[in-house]
1. Of the numbered conditions (1) under 20 Å from the mean Cα position of the chain (by Cα); (2) at pLDDT 95 or above, Ser74 fails exactly one; give the number of that condition.
2. Could you check segment 81-94 and list, in sequence order, the residues that are under 21 Å from the mean Cα position of the chain (by Cα) and part of a loop (DSSP other than H, G, I, E, B)?
3. Scan segment 96-141 residue by residue and report those that are in a helix (DSSP H, G or I), in contact (Cβ under 8 Å) with a residue 24 or more places away in the chain and open to solvent by 40 Å² or more (accessible area, probe 1.4 Å).
4. Can you confirm whether Leu97 is of a type in the set (A, V, I, L, M, F, W, C) and under 20 Å from the mean Cα position of the chain (by Cα)?
5. Report yes if Phe184 is exposed (fewer than 15 other Cβ atoms within 10 Å of the Cβ), within 17 Å of Cys134 (Cβ to Cβ) and among the aromatic types (Phe, Trp, Tyr), otherwise no.
6. Among residues belonging to segment 13-36 that are of a type in the set (A, V, I, L, M) and more than 13 Å from the chain's Cα centre (by Cα), point out the one that is nearest to Ser148 (Cα to Cα).
Amino acid sequence: MNENRRNQRVNLLGSGWLSHNVTKYSCRLVNISNRGALIILNNPPRDPLYSGNTCSLEILRADTNNLYLTIDASIVRFDSGVAALDFVGLSGEQLALLDNLMQKEFIFIDGGQTLIEFVQEVAAEKGICLESLCFDTGDTCQDVELHSLRLSAEGRFTEVHLHRDEIEAFRALKKNRLTKTKIFNALELLAERGES
């Protein structure tokens with residue numbers, strides 16, 4: 001990975017664990033770089049977190065579904081459940097795993113963009129005038145990443161729930177059948193509601 005990308009913050013739609021003292025908090029990852037991360041704790045901490053506190057962040061590795069990358073960090077800022085972290089003492093192996101994770105995240109975000117373009121194309125073919133179309137994190141909990149495409153047309157609303165693997169496969173396979181079917185069904189619902 002080149003140096004420019006290494007210093008970029010990458011939006012990271014996923015979840016992880018923040019460990020502080022003897023407590024482990026479930027968190028949602030907002031963004032990450034090779035220097036730090038921004039996270040949101042799912043539940044408020046019992047013990048206060050302060051700037052300078054040491055902690056560790058566990059995030060699912062990009063090269064496996066059941067192993068975590070654990071990174072030591074220092075809390076830079078904490079407010080209303082949002083924590084900014086600085087990573088400390090990263091080893092060469094940790095940096096390589098982090099780079100791999102960031103590269104995979106670029107692919108994932110690109111997959112989301114591919115989905116949006118496909119929905120717009122199919123909606124236009126079906127004569128559906130979309131008022132809004134967004135791709136968001138949906139229900140994200142530990143080890144289960146469901147993301148949502150939310151669509152509205154003429155005051156009607158529907159959504160498509162997709163697992164991360166489906167989104168990545170959609171990008172790689174250029175519109176795989178299962179994901180296409182989900183999108184077609186959602187657009188058909190919008191079209192049917194418009195006719196009634």
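The values are calculated or read from the model by the stated rules, or taken from the named source; none is laboratory data. Here the structure is a predicted model, which is why all the values come from computation and not from measurement. Cβ: placed from backbone, ideal geometry, glycine included. Neighbour counts: every protein chain shown. Just so you know, the surface numbers come from the protein's heavy atoms only, side chains and all, with ligands and any DNA or RNA stripped out. Shrake-Rupley method; radii C 1.70, N 1.55, O 1.52, S 1.80 Å.
1. (1)
2. Taking segment 81-94 and keeping what is under 21 Å from the mean Cα position of the chain (by Cα), we get 81-87, 94.
The answer is Gly81, and nothing else.
3. Asn100, Gln103, Lys104, Phe106, Ile107, Ile109, Asp110
4. Details: of a type in the set (A, V, I, L, M, F, W, C): yes; under 20 Å from the mean Cα position of the chain (by Cα): yes.
Considered against the rule, which asks whether it is of a type in the set (A, V, I, L, M, F, W, C) and under 20 Å from the mean Cα position of the chain (by Cα), Leu97 comes out as yes.
5. Values: exposed (fewer than 15 other Cβ atoms within 10 Å of the Cβ): yes; within 17 Å of Cys134 (Cβ to Cβ): no; among the aromatic types (Phe, Trp, Tyr): yes.
Here the answer is no, as Phe184 does not meet what is asked.
6. Kept after step one, since they are of a type in the set (A, V, I, L, M), are these residues of segment 13-36: 13, 18, 22, 29-30, 32.
Checking which are more than 13 Å from the chain's Cα centre (by Cα) leaves us with 18, 22.
Details: Leu18: 25, Val22: 34 Å.
Going through the qualifying residues, I end up with Leu18.
Results for (1) surrounded by 19 or more Cβ atoms within 10 Å (Cβ to Cβ); (2) among the charged types (D, E, K, R); (3) at pLDDT 90 or above; (4) not in a loop (DSSP other than H, G, I, E, B), shown as yes or no for each residue.
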residue	(1), (2), (3), (4)
Asn11	no, no, no, yes
Leu18	yes, no, yes, yes
Tyr25	yes, no, yes, yes
Leu29	yes, no, no, yes
Ala37	yes, no, yes, yes
Ile40	no, no, yes, yes
Arg46	no, yes, no, no
Ser51	no, no, yes, no
Ser56	no, no, yes, yes
